[in-house]
Amino acid sequence: MKLFLAAAKDSKEARAARTARRRLPAARTLLAGLAAAVSVSGLIAPVAHAAPPGGDAWVVSVGDSYISGEAGRWAGNSSDPAQADALGDAAYLDAGQSERTGGCHRSSSAEISIGQAQALNLACSGAKTATSWNSSGEFKPGLDFYNDAAGNTGQALELQRFASSHRVRMVVVSIGGNDLGFAGIIATCVSKFMTSPWWAPSYCKDSTTVATNFSAANRAAVAARIGTSLANVAKAMGNAGYAPGEYSLVVQNYVSPLPRSSRIAYSESGFSRQSTYGCGFWNADLDWAAGTAVPAINSTISAGIAASGVTGVRTLNVSALFSGHELCADTTKKLNNTALADWRSAGAADLSEWINEIRTASTAFSDYYIQESLHPNYWGQLALRNCLRQAYNGGDVRSGSCTAGTGLTSGGEPAVTLS
């Protein structure tokens, strides 16, 4: 069996290392469960400022892969990558010819680029509330003030430094999914689908590891860590000279990436649900993911906001934004199963899935990254961007819930309504 393995593609010279990390032995190891990450944090002395700086307005994103832009290269799914390649090889190169932080995958389609203000993306794929290193040794900055001699810094410290010299009007946060073991849960679900027969399915929802991750005790612990991370964001802005009313803190929850079993397009018999379509979940696990797991994650985020002690937090509910565009939903099609030439064709966004299919170690010699699996793709990122722009509201930031319509806006984004 093969499954998720994070990979960095900072340069052509790094490709060999990327390929090696994706080979089967490492994938088999990940199927057994995610290795425990080392979480570290440090304290940084406040930087005193009499007032926030002037100048152009900025918006900043911090957090994990669901806001960094992971999978933002691909506009839908297809057996022919060229049909869906919206951004090309440079999709994640946010520092010219490389990534500022390897493996963070801050794509140029990331939602923070709303256009009503200048944007900075500090989020990192794989990030947890506290700074850590993943099983491949990649640095994953958390929402803390970590700082070491090698120049590695936490996202809160990066935000503090940036806000000290730039007028930040809004900070948007997506965090908590990795603390609840998101990648490991997906790995377990696909493993169960691929290794148990249809007449005696083994469900990931019944896994001891999954049950532990979603236990009341663990969710309470994660909510406390989310609260600390949000307090760190507020502290960073205070250290940079901002009073609470001089910027807005927006906390975003997670989209539901998979449909319920009644709305999936492909049979659970055989292996094609994963091998061809990239959505290898048993029906019972699909229903659990949509009906239990995502709501539990999002309620943990709400509890984290309450635990933070930060007042005036705005919330952006995107849980239903991808309804009808989930991975393998019966209202979508792979581009190679349509008459459309590619992602630019009229109507492609309405027909396409907005979630990247689940990839396996077979991608080792392709342009795909396994870590892109089950993340908002190019269309998903632009839908989230449209939602966030409406929340920013020209600087008069508001809370709300977003739902998708049909067609594209004049700016080429999926139509979205914030209510």
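In the list Asn386, Asn336, Asn298, Asn393, which residue meets the criterion of being without any contact (Cβ under 8 Å) to a residue 60 or more places away in the chain and farther than 25 Å from Cys124 by Cβ?
Being without any contact (Cβ under 8 Å) to a residue 60 or more places away in the chain and farther than 25 Å from Cys124 by Cβ holds for just one of Asn386, Asn336, Asn298, Asn393, which is Asn393.
Is one or more of the residues making up segment 272-286 charged (D, E, K, R), out of contact with any Asp or Glu (no Cβ under 6 Å at 6 or more places or on another chain) and open to solvent by 50 Å² or more (accessible area, probe 1.4 Å)?
For segment 272-286, residues charged (D, E, K, R), out of contact with any Asp or Glu (no Cβ under 6 Å at 6 or more places or on another chain) and open to solvent by 50 Å² or more (accessible area, probe 1.4 Å): absent.
Output the residue which, of all residues in segment 344-369 that are among the aliphatic types (A, V, I, L, M) and surrounded by fewer than 24 Cβ atoms within 10 Å (Cβ to Cβ), is farthest from the chain's Cα centre (by Cα). Explain how you work it out, then say what you get.
Our first condition is that a residue be among the aliphatic types (A, V, I, L, M); within segment 344-369, this holds for 346, 348-349, 351, 355, 358, 361, 364.
Adding the requirement that they be surrounded by fewer than 24 Cβ atoms within 10 Å (Cβ to Cβ) leaves 346, 348, 351, 361, 364.
Values: Ala346: 27, Ala348: 23, Leu351: 22, Ala361: 20, Ala364: 22 Å.
Looking at the filtered set, the residue picked out is Ala346.
I'd like the residue in segment 344-373 that is among the acidic types (Asp, Glu) and at pLDDT 95 or above and, out of all such residues, is farthest from Asn134 (Cα to Cα).
Asp350
Might you let me know whether segment 327-342 holds any residue that is in contact with a Cys (Cβ under 9 Å, 6 or more places away or on another chain), buried (at least 20 other Cβ atoms within 10 Å of the Cβ) and assigned to a loop (DSSP other than H, G, I, E, B)?
Within segment 327-342, one or more residues are in contact with a Cys (Cβ under 9 Å, 6 or more places away or on another chain), buried (at least 20 other Cβ atoms within 10 Å of the Cβ) and assigned to a loop (DSSP other than H, G, I, E, B).
Restricting to segment 343-360, name every residue that is within 18 Å of Gly407 (Cβ to Cβ) and either part of a loop (DSSP other than H, G, I, E, B) or in contact with a strand residue (DSSP E or B) (Cβ under 8 Å, 6 or more places away or on another chain) (or both).
Trp343, Arg344, Ser345, Ala346, Gly347, Ala349, Asp350, Ser352, Glu353, Trp354
Would you tally the residues in segment 178-200 being open to solvent by 40 Å² or more (accessible area, probe 1.4 Å) and not in a helix (DSSP H, G or I)?
Summing the residues that are open to solvent by 40 Å² or more (accessible area, probe 1.4 Å) and not in a helix (DSSP H, G or I) in segment 178-200 gives 4.
Considering only residues of segment 297-314 that are surrounded by 17 or more Cβ atoms within 10 Å (Cβ to Cβ) and hydroxyl-bearing (Ser, Thr, Tyr), which is nearest to Leu286 (Cα to Cα)?
Once the filter is applied, the top-ranked residue is Thr300.
Going through segment 109-126 one residue at a time, which ones are of a type outside the set (A, V, I, L, M) and under 14 Å from the mean Cα position of the chain (by Cα)?
Ser109, Glu111, Asn121, Cys124, Ser125, Gly126
Determine whether Gly280 is outside any strand (DSSP E or B) and out of contact with any helix residue (DSSP H, G or I) (no Cβ under 9 Å at 6 or more places or on another chain).
Spelling it out, it is not the case that Gly280 is outside any strand (DSSP E or B) and out of contact with any helix residue (DSSP H, G or I) (no Cβ under 9 Å at 6 or more places or on another chain).
Could you tell me which numbered condition Gln97 fails, if it satisfies all but one of (1) part of a loop (DSSP other than H, G, I, E, B); (2) open to solvent by less than 30 Å² (accessible area, probe 1.4 Å); (3) polar (S, T, N, Q)?
(2)
Can you find, within segment 134-145, the residue that is surrounded by the fewest Cβ atoms within 10 Å (Cβ to Cβ) among those that are under 17 Å from the mean Cα position of the chain (by Cα) and farther than 18 Å from His375 by Cβ?
Phe139
Taking Ala90 and the conditions (1) open to solvent by 50 Å² or more (accessible area, probe 1.4 Å); (2) touching a residue at least 40 places away in the same chain (Cβ under 8 Å); (3) under 21 Å from Glu138 (Cα atoms), which numbered condition does it fall short on, given that it satisfies the others?
Here Ala90 clears every test but (2).
The values are calculated or read from the model by the stated rules, or taken from the named source; none is laboratory data. Just so you know, these numbers come straight off a predicted model, no measurement behind them. For neighbour counting, all protein chains shown are included, and Cβ atoms are generated from backbone atoms with ideal geometry for every residue, glycine included. For accessibility, only protein heavy atoms count, side chains too; no ligands or nucleic acids. Shrake-Rupley method; radii C 1.70, N 1.55, O 1.52, S 1.80 Å.
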